[in-house]
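Remarks on the structure that follows.
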Amino acid sequence: MGFSSIYAVSGSDIVYETFDGDAVVLDLASGRYFGFSDSGSCVWEALIAHVSPASLVGRDCGSGVIAADDLDAFIARLGEYGLLSPAAEVAPTALSPELAARLAAARDGLKIDMHDELADLVMVDPIHDVDEPAGWPAVRQ
Amino acid sequence: MQRVTLDGLADYAREVLAACEAGAGNFPLQSRVELPGLSIDVYSDHGELAAALGHGMATANDAGRRRPARIFLAHPGIGSVPTPAQWGEALFNPQAFSERLEADGLRGHYFHDLRYWQFYDVEKRLGVQLMLSADGCPPWEFGAPLRCFLHWEYAARGMRLTHAGTLGAGGRGVLVAGAGGAGKSGTVAAGLLAGLESVGDDYVLVEFDGDRSVARPLFTTLKQDHTGFDRLGLASRLPDPGPLNWQGKYQFRVQDLSPGGVAEKLDIVALMVPRISSEAKSAITPISRRDALMALAPSGIAQMPGERESGFRFFGELTRRLPCFRLALGRRGEEIAETIAAFLDGGKP
């Protein structure tokens, strides 16, 4: 991960919806959900549209600008969660005026919340990872 | 004992489906379940599961527009029904399990503890629930029989079993969505006691009809734990509520609580996410669609095998269509019902 790459969604298991500027992402394979802050939603949308990270640094974001360290940490987190991967041989695109305007109007910093309360129901092997003798859905710790 | 892994999964499903279809005449019971757009002939044995089918399913009044389906609730004591196989040594990945079957036009589910299989051929609308005995299913099946088959059949039509309670009046209603323990069932029971209608308190069928989002009933069972049962004063309506279910809850029917309480359908006008509060009065306040989706989608997707992406898309569209609210639940059931009734009457909090 880093500013030299162009990024894309990490495969077909990652699906997302955007509502009024708020993105919600679901990892179908793990069952984990992710909610973004308003600026995080904008940057997520920009990155998966192949906007280069370098072009986002210094952009107006709420009352300040996007700092390189903050963006780097945000991208690293997206990578750790398996949501974003470097895309090979993809040409960078420009940030759309609409996204730039939303970014400038954002209220919160770059943030992503992960929800895995129900991941056990989706991801755990219900045969081999089950606590005995309780059985499914009691998961072996 | 036969062992099945991903490589032989689709073949095994076809074998089980074919064996039950060929031996249909050996099943002791045949009953018909009439649901929205769907008429299911259920072949089964005598027992608790067959009884649950008789009293826990809703009945639709849309005769003539239903597609036929057949579902076999099978076990080796019936004719030549095979003994359920066991999963092999390979790791069991539910997503891979679903994908392998979907590639063959099938849907399926396996519950290892009971060697319990469900397979559904979407094109033929033919399903088998293969168990070790007549009632050899997980305990939650008795509260919502055929749930997975309905999920697969309706999902193939662009409709969705939605994990939410409902309350309505005059044909308009709200979806009450949230994780277990959020107050869905108690809210629905309180509303029914106050004269509101419902199409269900746990799983309801939702479809889009033009701009409308319509919810219809599939199951008529309601559940309440002992505390909720006492708080709502349900003993006066249900003096003999029967034994507690697997969750330690009383299980009864909408009709038992309110004879006219099951609506044929409700035009859904809002999505509400309940939260138990310590306040005397309930309050309905707007929440973001993101938060509403996070309350609605996860449990509905996680509790249903397969169709995860289509489920996420459907719930995303539903959330996009509806105004979304937080429903902070007051302490009294009557007051909660009055708050929702006033919302439905005025269309806003």
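The values are calculated or read from the model by the stated rules, or taken from the named source; none is laboratory data. Keep in mind that this is a model prediction, so the values were computed, not measured. Cβ coordinates were reconstructed from backbone atoms using ideal geometry, including for glycine residues, and neighbour counts include every protein chain displayed.
So the values come out like this:
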{"quantity": "Residue that is surrounded by the most Cβ atoms within 10 Å (Cβ to Cβ) [pool: residues in segment A:64-121 that are basic (Lys, Arg) and within 14 Å of another protein chain (Cβ to nearest Cβ)]", "calculated": "A:Lys111"}
{"quantity": "Subset of segment A:1-45 [touching a Ser or Thr at 6+ places or on another chain (Cβ under 8 Å) and in a helix (DSSP H, G or I)]", "calculated": "A:Ser41, A:Glu45"}
{"quantity": "Some residue of segment B:61-75 being touching a Leu at 6+ places or on another chain (Cβ under 9 Å), closer than 18 Å to B:Val128 by Cα and surrounded by fewer than 16 Cβ atoms within 10 Å (Cβ to Cβ)", "calculated": "yes"}
{"quantity": "Residue in segment B:306-323 that is farther than 23 Å from A:Phe19 by Cα and touching a residue at least 24 places away in the same chain (Cβ under 8 Å) present", "calculated": "yes"}
{"quantity": "Qualifying residue in segment A:53-60 (condition: within 14 Å of chain B (Cβ to nearest Cβ), touching a strand residue (DSSP E or B) at 6+ places or on another chain (Cβ under 6 Å) and either free of Cβ contacts under 8 Å to residues at least 12 places away in the same chain or of a type in the set (Gly, Ala, Ser) (or both))", "calculated": "no"}
{"quantity": "Matching residues in segment B:329-340 - criterion: being out of contact with any strand residue (DSSP E or B) (no Cβ under 6 Å at 6 or more places or on another chain) and outside any loop (DSSP other than H, G, I, E, B)", "calculated": "B:Gly333, B:Glu334, B:Glu335, B:Ala337, B:Glu338, B:Thr339"}
{"quantity": "Hits in segment B:85-117 - residues which are touching a residue at least 40 places away in the same chain (Cβ under 8 Å), within 14 Å of chain A (Cβ to nearest Cβ) and buried (at least 17 other Cβ atoms within 10 Å of the Cβ)", "calculated": "B:Ala85, B:Trp87, B:Pro94, B:Gln95, B:Phe97, B:Ser98, B:Gly108, B:His109, B:Trp117"}
{"quantity": "Residue tally, condition touching a strand residue (DSSP E or B) at 6+ places or on another chain (Cβ under 8 Å) and surrounded by fewer than 18 Cβ atoms within 10 Å (Cβ to Cβ), over segment B:270-283", "calculated": "5"}
{"quantity": "Among the candidates B:Gln224, B:Gln247, residue that is within 19 Å of the chain's Cα centre (by Cα) and modelled with pLDDT under 85", "calculated": "B:Gln247"}
{"quantity": "Extreme residue, nearest to B:Thr221 (Cα to Cα), among residues of segment B:250-271 that are at pLDDT 95 or above and hydrophobic (A, V, I, L, M, F, W, C)", "calculated": "B:Leu266"}
{"quantity": "Residue in segment A:59-77 that is closer than 27 Å to B:Met304 by Cβ, under 14 Å from the mean Cα position of the chain (by Cα) and either at pLDDT 90 or above or not in a loop (DSSP other than H, G, I, E, B) (or both) present", "calculated": "no"}
{"quantity": "Hits in segment A:46-58 - residues which are in a loop (DSSP other than H, G, I, E, B) and either out of contact with any helix residue (DSSP H, G or I) (no Cβ under 6 Å at 6 or more places or on another chain) or under 18 Å from B:Ser288 (Cα atoms) (or both)", "calculated": "A:Ala49, A:His50, A:Ser52, A:Gly58"}
{"quantity": "Qualifying residue in segment B:306-328 (condition: crowded, with 22+ Cβ neighbours inside 10 Å, part of a loop (DSSP other than H, G, I, E, B) and either more than 8 Å from every other protein chain (Cβ to nearest Cβ) or touching a Gly at 6+ places or on another chain (Cβ under 7 Å) (or both))", "calculated": "yes"}
{"quantity": "Test result for A:Ser5, away from every other protein chain (no Cβ under 14 Å) and without any contact (Cβ under 8 Å) to a residue 40 or more places away in the chain", "calculated": "no"}
{"quantity": "Complete set of residues in segment A:78-97 that are among the hydrophobic types (A, V, I, L, M, F, W, C) and under 17 Å from the mean Cα position of the chain (by Cα)", "calculated": "A:Leu78, A:Leu83, A:Leu84, A:Ala87"}
{"quantity": "Sole residue being over 14 Å from the mean Cα position of the chain (by Cα), within 14 Å of chain A (Cβ to nearest Cβ), modelled with pLDDT under 95 and on the phi > 0 side of the Ramachandran plot, chosen from B:Gly170, B:Gly158, B:Gly181", "calculated": "B:Gly181"}
{"quantity": "Those residues of segment A:14-34 which are more than 8 Å from chain B (Cβ to nearest Cβ), within 16 Å of A:Leu78 (Cα to Cα) and either touching a residue at least 60 places away in the same chain (Cβ under 8 Å) or surrounded by fewer than 22 Cβ atoms within 10 Å (Cβ to Cβ) (or both), in sequence order", "calculated": "A:Ile14, A:Tyr16, A:Ser30, A:Arg32, A:Phe34"}
{"quantity": "Total residues in segment B:272-305, condition modelled with pLDDT of 85 or more, outside any helix (DSSP H, G or I) and more than 8 Å from chain A (Cβ to nearest Cβ)", "calculated": "15"}
{"quantity": "Index of the failed condition, B:Arg289 passing every other in (1) in contact (Cβ under 8 Å) with a residue 60 or more places away in the chain; (2) in contact with a Phe, Trp or Tyr (Cβ under 6 Å, 6 or more places away or on another chain)", "calculated": "(1)"}
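A quick yes/no check of all residues on (1) in the same structural domain as B:Val262 (by TED's automatic domain parsing); (2) acidic (Asp, Glu):
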position: B:Ala90; (1), (2): no, no
position: B:Asn93; (1), (2): no, no
position: B:Glu99; (1), (2): no, yes
position: B:Arg107; (1), (2): no, no
position: B:His112; (1), (2): no, no
position: B:Gly143; (1), (2): no, no
position: B:Leu150; (1), (2): no, no
position: B:Gly168; (1), (2): yes, no
